[in-house]
Amino acid sequence: MAQEDVFKKIVSHCKEYGFVFPSSEVYDGLAAVYDYGQNGVELKNNIKEYWWKSMVLMHDNIVGIDSAIFMHPTIWKASGHVDAFNDPLIDNRDSKKRYRADVLIEDQMAKYDEKIEKEVAKARKRFGESFDEAQYLSTSPRVKEIADKRDALHERFQKAMNDMNLEELRQIILDEEIVCPISGTKNWTEVRQFNLMFATEFGSTAEGASKVYLRPETAQGIFVNYLNVQKTGRMKLPFGIAQIGKAFRNEIVARQFIFRMREFEQMEMQFFVQPGTELEWFPKWKETRMRWHQALGFGAENYRFHDHDKLAHYANAATDIEFRMPFGFKEVEGIHSRTNFDLSQHEKFSGRSIKYFDPQTNESYTPYVIETSIGVDRMFLSVMCHSYTEEQLENGETRVVLKLPAALAPVKLAVLPLVKKDGLPEKAQEIINDLKFHFNCKYDEKDTVGKRYRRQDAIGTPYCVTVDYDTLKDDSVTIRFRDTMEQERVKISDLRSIIEDKVSIASLLKKN
Ligand code: GAP
């Protein structure tokens, strides 16, 4: 199945099984805003819990905060967001559609990569078993021609973005003959800068109202609380502050479902270190974060680092952790060495001293910062994409199963009475009443047991137990395992010990 079709199926599965709904759907939705349903919110909470515990519980020098979404507007001046948090946008005059100029060019580069992949596929077919991909890639004149074009475009694009040369971005679009996907024409406007922050009015009277922003990242809430936390927690460097919360960006091109949203959630951690040690901490955090991802068991081959060659003026190292989505490797997390830029800026704009007094050296200085920043929704999408599986069964049927890591699954155990009578529902309920204190259990009595298993497979429930007539006699149930579909007879009193460890967040943390 084409990857595009797989992705469409995942999106509709998310809706059909109560994971993600388009926001305000009865009013035809609101672009790039989504709501999480009854199963989605459980999965999302589990992802957040996994992250929070890995930061705050597993490190004795990291604490958490929860800062407000509204912040003093000068914060965004100091951070550079008012002046520089822009995307270059371009309109097509015929379709009246608006695009990000950089995204149009990136898509064009991806087309060159697709062309190379097609050449490789053709050659593989031609040469059969003896095909050596690496050799082909390095010797084929056709591949070289395409790769040269892509590299030249990449270089020109990087330079234009670095200089924020809007005319050059437009010229690239014209030279590459990029057309609007809707109208098919090259009738483009000029490229303009577009600030991504949402603004609103604060205060009740028109005269007294001031402009405030919905935060575009949670990080600034950490920076402006650095001193509060350091002093009240008597924290010593190096130490970290973690936060999970909503962020808002008026994305011009909102697409790929929950990959790029206008309202989303971030999990960010700022790690404050002694100046000069930041480049020792940076690789440590890269490794730590990659281990966190890989502990989910999705396979190391599905992750890669993308180190940034061109850095923001305040950064001295930056990388993305990318995950293989159905639409290619995409950024899920960013790790940045942000120097002392943010704290220094807040010091300058607020006029207050924001320093650290180092008792060992008897000096005061502005700490440097390593930031780890991951989008909850992107993480959710990567988990969904990797877990969605269609299996061909021996009887010819197709089984749709979400092979979620058990610790992230919304429901851990479904309890199913064989029939809706003779005391079986009551017995099932008894099991739930006992186990619901330890993990999320659900009761289901509608339809055949086979159908109920399928429903649980579709939401990724790792364990189902069936209560039958023998249960009433010997307190045993049939437990069915989601991935293997194997069934075993076990004692009700053993259920907790069979399940609890495997579905706990601790089981993931121990793999880190
Ligand atoms: N404080 C640094 C910062 O915000 P970023 O690379 O702009 O860095 C960090 O964002 C992460 O937030 C990204 O790796 C991504 O997972 C998530 N993210 C950013 N914009 C997003 C959007 N529009 N929709 C969903 N997630 C987004």
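I'd like the distance separating the alpha-carbon centroids of region 323-344 and region 1-76, in whole Å.
About 17 Å separates the Cα centre of region 323-344 from the one of region 1-76.
Taking loop as defined by DSSP and a crowding limit of 16 other beta carbons within 10 Å, which trypsin sites (Lys or Arg not before Pro) in region 296-351 fit?
Filter output for region 296-351: 310.
So how much slack lies between residue 167 and residue 35, counting 0.36 nm per residue of separation and subtracting their Cα-Cα distance, in nm?
Length gained between residue 167 and residue 35: 43.7 nm.
Over all directions, the average projected area of the alpha-carbon convex hull for region 399-509 comes to how many nm²?
6.3 nm²
How high is the relative contact order of region 87-186, given as a whole-number percent (alpha carbon pairs under 8 Å, six or more residues apart)?
35 percent
D for the chain, whole µm²/s, Stokes-Einstein with Kirkwood Rh over alpha-carbon pairs at 25 °C and 0.890 mPa s: what number?
94 µm²/s
Once you have the Cα-Cα distance between residue 124 and residue 136, take 0.36 nm times their residue separation minus that, and quote the gain in nm to one decimal.
Computed gain between residue 124 and residue 136 is 3.4 nm.
What number comes out for the charge environment of residue 252, summing +1 per Lys or Arg and -1 per Asp or Glu over other residues with Cβ under 13 Å away?
So the surrounding residues net to +4.
Restricted to Cα positions, what overall size does region 33-87 have along the principal axes? Three whole-Å values, descending.
Answer, in whole Å and largest first: 38, 35, 20 Å.
With the cut-off at 1.5 for a/c, could you classify region 7-110 from its C-alpha gyration tensor as rounded, prolate or oblate?
Taking the square roots of the gyration eigenvalues as a ≥ b ≥ c, region 7-110 is oblate.
Among DSSP bridges having both ends in the chain, what percentage is antiparallel? Round to the nearest 5.
Rounded to the nearest five, the antiparallel share is 85 percent.
Please go through region 231-278 and write out the trypsin sites (Lys or Arg not before Pro) that DSSP classes as loop and that have at most 14 other C-beta atoms within 10 Å.
Counting only loop positions with at most 14 other Cβ atoms within 10 Å, the trypsin sites (Lys or Arg not before Pro) in region 231-278 are 234, 236, 255.
Remind me, relative contact order of region 392-512 in percent, using alpha carbon pairs under 8 angstrom and six or more residues apart?
Computed over region 392-512, the figure is 29 percent.
Under a point spin-label approximation (7 Å from Cα along Cα-to-Cβ), what is the residue 155-residue 27 distance to one decimal in nm?
Using points 7 Å along Cα→Cβ, the separation is 5.1 nm.
What's the ranking of 169-176, 432-439 by average number of surrounding C-beta atoms within 10 Å, highest first?
Descending mean neighbour count gives 169-176, 432-439.
How far, in degrees from 0 to 90, does helix 449-459 lean away from the longest principal axis of the Cα atoms of the chain, to the nearest 10?
Around 20 degrees separate the two axes.
Could I have the simple spin-label model distance between residue 307 and residue 491, label points 7 Å from Cα toward Cβ, reported in nm to one decimal?
5.7 nm
Size of the dipole of region 399-509 about the Cα centre, Lys and Arg at +1 and Asp and Glu at -1 on the beta carbon, nothing else charged, in debye to 20?
Charge dipole, region 399-509, about its Cα centre: 480 debye, nearest 20.
Can you check what the net charge comes to around residue 123, using other residues whose Cβ is under 14 Å from the Cβ of residue 123 (Lys, Arg +1; Asp, Glu -1)?
Counting the neighbours of residue 123, the net charge comes to +3.
If I model a spin label as a point 7 Å beyond the Cα along the Cα-Cβ vector, how far apart are those points for residue 109 and residue 365 in nm?
It is 3.5 nm.
Of the DSSP beta bridges with both residues in region 399-509, give the percent that are antiparallel, rounding to the nearest 5.
If I count the DSSP bridges inside region 399-509, around 55 percent turn out antiparallel.
With a cap of 10 neighbouring Cβ atoms within 10 Å, and only residues DSSP puts in a loop, list the trypsin sites (Lys or Arg not before Pro) found in region 443-512.
Within region 443-512, the qualifying trypsin sites (Lys or Arg not before Pro) (loop, at most 10 other Cβ atoms within 10 Å) are 446.
Taking Cα atoms, how many degrees apart are the long axis of helix 166-175 and the longest axis of the chain, rounded to 10 and kept between 0 and 90?
70 degrees
State, as an integer percentage, the relative contact order of the chain based on alpha-carbon contacts under 8 Å between residues 6 or more apart.
In percent, rounded to a whole number, it is 14.
Whole angstrom only: what separates the Cα centroid of region 419-435 from the Cα centroid of region 267-314?
48 Å
By how many nm would the segment from residue 475 to residue 348 grow when fully extended, if each residue of separation counts as 0.36 nm and the alpha-carbon distance is taken off?
Using 0.36 nm per residue and subtracting the Cα-Cα distance, I get 38.8 nm.
Which angle from 0 to 90°, rounded to the nearest 10, does the C-alpha axis of helix 376-387 make with the longest principal axis of the chain?
Computed tilt is about 50 degrees.
Coordinate-derived values only; no laboratory data. In this text, all values refer to a predicted model and were calculated from it rather than measured experimentally. Here Cβ is always computed from backbone atoms with ideal geometry, including for glycine, and neighbour counts include all displayed protein chains.
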